[in-house]
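Below is one structure, written out as structure tokens; the observations come after it.
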Amino acid sequence: MNAPARELAGCFHCGLPLPAGSHWQAHIGGIEQPMCCPGCAAAARAIVDAGCVDYYAERSSYGAPVEAADAPELALYDGADDDDGAEASFTVEGIRCAACVWLIERRVAALPGVLEASLNVSAARLHVRRDPAVCRTSAILRALRAIGYRAYPCEARRHSEYLARERRTLFRQLFVAGLSMMQVMMYAVPVYLADDGSMDANMAALMGWASMLLTLPAVLYSARPFFAGAWRDLRRGLPGMDVPVALGIGAAFAGSTLALVRGQGDMYFDSVTMFVFLLLGSRYLELDARRRAAGALDALQRALPAAAQRLRAWPRERATELVAAASLQAGDVVLVAPGQAAPADGTILEGETEADLSLLTGESAPRRMGPGDVLPGGAVNVAQAVVLRVGAAPCESTLAQLVRLAERAGQGKPAIALRADRVAAWSVAALLVLTACVFGAWQLADPARAWPAAIAVLVVTCPCALSLATPTALAAATASLLRRGVLAVSPHTLETFERATHVVFDKTGTLTLGRPRVCAIGLLGSLDDAAVLRIAAALEAGNAHPLAEAIRAAAPPAADRHETALDIDYVPGQGVEGEYGGVRYRLGSAAFVGAVAGPVPAAPEEGAAWLGHAGGWLARFDIADAVRPEAAAVVRRFEAAGKTVVLLSGDTTRAARRVAAELGIAAALGDQLPADKLAYVRRLQAGGAVVAMVGDGVNDAAVLRGADVSFAMGNGAALAQLHADGVLLGDSLAPLADAAATAARTLRVIRQNLAWASVYNLAAIPAAALGLLNPWLSSIGMAASSAVVVLNALRLRR
């Protein structure tokens, strides 16, 4: 059993000293092992009973001291199970090594009702798919606590606090390494300056012993993550970046200490402290870059308020009660004060205001809203108080669904990142072989230079820059797009979008607004536009038909849109007739109006509504699904980038060609059923095309899945049904063109980073192997190469 030696005198599970008179034990591997408390004893028995006894053989550090697994307060977390649904996320503290990951996933997956358990080590988050009726939240928390891990449902604040503690730990290690480096340099510089023999042997030895003692904190404390990571990698048989780093630090310190004891040979204590400090500095820079990149998601998670002001008996009473936002249900009425965020999606019942939707859609300007408008959860009320009827529970709000998509976006790696990781892993193995060869060659040529040359090779060729080149760029680009209203859900989104040769658009709701609009007014009598619109709006005041809504929306702001005609008579399929201002008017088809107004003055057109009375014709309203104002510019940007733009619509061929002509799209196909759209994309792919599809996310689900990369117009409840690789969060196509530009920039930065890392290694390896670089110069070169790729990636945040 690979247990730390300290276990003989301490708790077998957590390693803490055994209290006086301790009698707790657990039967592990046929031996009764001592435990410090009943919590650790219960944890050990749970591990053995779950068939995970190998945990104790595979672990590289002790488990955390265990709190009582049967704590009754854990049941309080079950209250939100019905709202959270089948997926839940937990923050897990105390993860130390691969054995921890294996144990946690296996233990949780064994619980009844758990379908899948996946632990994200970098984020310390456990994602669980389960049947909430069978597996309650408290059961998961108890299972984790029973094996020694403290966990809680993932909350933005607590998770941020945990990550902040990790950051503070790294900063302390960096500070200690920096302090050691400065102190060691104070002793090393006089030795370098006295290379002419002016310093006597006793003073040189004193300087050496002082340097060694001052290097110990950097090696034993600051470099601890490297040694722990290297040991973990070697136990798994997969040497990673920590292996050459740990070997370099250990070899330089051991060789220097041996030279100090013998009184002959070179010492590199200054190089050791410098290497630890510079490497921790580059890792701290990387951690800060990732923290900043995750800031957009953290902001989303914190956007929904924890409490809401519920109106208990609205509209009879205005009294409010403060309740937990998570307890709101559909139908509840809440008051949203100025400066507060809406606690859930809902319809405004009372009050007119402006809402800041920048976090949800990327819109910079507030949007005016009034009674009847839907205010999404997380939107900030910036003007005056409004009364809101909750449409869905907070866990099903637009923001909550967006957060789940954003969390999903952080899982997985694109192909280019996987290729870089494979190369980095191969590079480590090759580096270890090369180091052995360099050491052997110098032993034959000049044994005194063998040790420094081998250390220099280990340090200078650490593939940190190669491994950082891709993830830092992708994290920065993804965060930048999210702030502008584009969520890249799949790991390959940016990489594939940059390679796309064809961009295929759906028409309705994508290139067009998806709702009718009065495009033009043809006056046929003596009245002006405002007058005919006022009459038409009065005739359609009580009609919920989309064409009626388009006419009312076109009425001038000065008109009383609530003004209603008298004696209204609706004729299904033909139009409406009513009295306004003492005159009887008809609005509808040409034949319907012509029955009282006389012969039609022009050829009837599809999508037109006519207005007239017994005295003649007054106006023709051309109504159509309006093209998005930014659509033409987006199409031109794709064509300028050399991509072929295609319009693919289920609408009539005539309507599709009309929109295509307006936008300058050469290829347009109408009357396309979902199966026809998918077949068309398959034909393009068979011809070697890389297809990007842009649709509404619901009706186009099949073709969105079939395209190489896809984007959906995401709004409201449709977010839950998206099958796309990316989501346009606002009601605009403009961010799509930004995504294309960002994808190109991201791939360019990744290629630059990979090229720099490759050129650096090709230049540095021969220099180190030939003895032209000493260890401290190698430290600077390795750290500088890592810093270059991180800083280059951060340019994508602009």
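No lab work stands behind these numbers, since they all come straight from the coordinates. Bear in mind the structure is a predicted one, so any value in this text is a computation, not a measurement. Cβ coordinates were reconstructed from backbone atoms using ideal geometry, including for glycine residues, and neighbour counts include every protein chain displayed.
For ARG150, nonlocal amide neighbours, meaning residues 5 or more places apart or on other chains whose placed amide H falls under 5 Å from its own, are GLU93. Backbone amide hydrogens, once placed in the peptide plane, bring LEU647 within less than 5 Å of PHE505, ALA667, ALA668, LEU669, excluding anything fewer than 5 places away on its chain.
Taking each residue as 0.36 nm, the span from VAL583 to ALA110 lengthens on full extension beyond its C-alpha to C-alpha distance by 162.5 nm.
Each label point was placed 7 Å from the Cα along the Cα-to-Cβ direction; for ARG368 and GLU317 their separation is 3.6 nm.
Estimate the FRET efficiency between ALA337 and PHE175 by the formula 1/(1 + (r/R0)^6), using the beta-carbon distance for r and 41 Å for R0, to the nearest 0.05. Rounded to the nearest 0.05, the efficiency is 0.40. Each residue, ARG683 and ALA640, gets one label point 7 Å from its Cα in the Cβ direction; the gap between the two is 3.1 nm.
Applying 1/(1 + (r/R0)^6) with R0 = 25 Å to the Cβ-Cβ distance of ALA436 and ALA57 gives a FRET efficiency near 0.25.
Arranged from highest to lowest average of other beta-carbon atoms within 10 Å per residue, in what order do the peptides 684-692, 332-340 appear? Display every interim value, and only then the final one.
Values: 684-692: 16.0, 332-340: 18.0.
Per-residue Cβ counts within 10 Å, averaged per peptide and sorted highest first, yield 332-340, 684-692.
Put simply, when 508-515, 452-459, 591-598, 483-490 are sorted by average Cβ atoms within 10 angstrom per residue, most first, you get 452-459, 483-490, 508-515, 591-598. Projecting label points 7 angstrom from Cα along Cα→Cβ for ARG499 and ILE31 puts them 5.3 nm apart.
Applying 1/(1 + (r/R0)^6) with r as the Cβ-Cβ distance of CYS519 and ARG795 and R0 = 56 angstrom yields a FRET efficiency of 0.85.
Sorting 763-771, 499-507 by their mean Cβ neighbour count within 10 Å, with the most densely packed peptide first, gives 499-507, 763-771. Fully extending the segment from ALA767 to TYR570, taken as 0.36 nm per residue of separation minus the present Cα-Cα distance, adds 62.0 nm.
Maximal additional length on extending the VAL189-GLN443 stretch stands at 88.6 nm, based on 0.36 nm per residue less the C-alpha distance. In this structure, the amide hydrogen of GLN25, modeled 1.01 Å from its nitrogen in the peptide plane, lies closer than 5 angstrom to those of MET35, counting only residues at least 5 positions away or on a different chain. Using the Karplus relation 6.51 cos²θ - 1.76 cosθ + 1.60 with θ = phi - 60°, the per-residue 3J(HN,Hα) values for the stretch 703-710 come to 6, 5, 5, x, 6, 5, 8, 9 Hz, with x marking Gly and Pro.
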